[in-house]
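The structure that follows is given in the form of structure tokens.
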């Protein structure tokens, strides 16, 4: 689960009675509130993150591949992999250099 902060939610972040009344009295059939797929609490239809459980909401017509957070995670994973590989080869070259110097010192005796 992804949490941006541990501060408590403000009262304005939750749907209130006015929001519920708008959803029930909508003349054009538009639904302003929907249930969070993770926790089941009522949330605004256009919200990107549930204010109750902090889960990211992916619209039903959108696949997970279209979600920006997966591209960010993939990019960070690639950067981490490149950094670890670079450090591995750097350490390997340092060890090879030390071994070469030690062999020269031993042969020079």
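Once R0 is set to 30 Å, what does the formula 1/(1 + (r/R0)^6) return for the Cβ-Cβ distance between residue 34 and residue 78, expressed as a FRET efficiency to the nearest 0.05?
On the way: r = 35 Å, r/R0 = 1.16.
That pair, residue 34 with residue 78, gives E of 0.30.
Take the Cα gyration tensor of segment 63-109, multiply each eigenvalue by 5, square-root it, and list the three semi-axes largest first, rounded to whole angstrom. Walk me through the numbers on the way to the answer.
On the way: eigenvalues 405, 5, 3 Å².
So the equivalent ellipsoid measures 45, 5, 4 Å along its semi-axes.
Right, something else. Need one number: nm distance between label points at residue 87 and residue 42, each 7 Å from Cα along Cα→Cβ, rounded to one decimal.
It is 5.0 nm.
Computed from the coordinates by the stated procedures, all read-outs in this text should not be read as laboratory data. Computed from a prediction, not measured in an experiment: that's the story for all the values here. With ideal geometry, Cβ positions are generated from the backbone for all residues, glycine too; neighbour counts draw on all protein chains shown.
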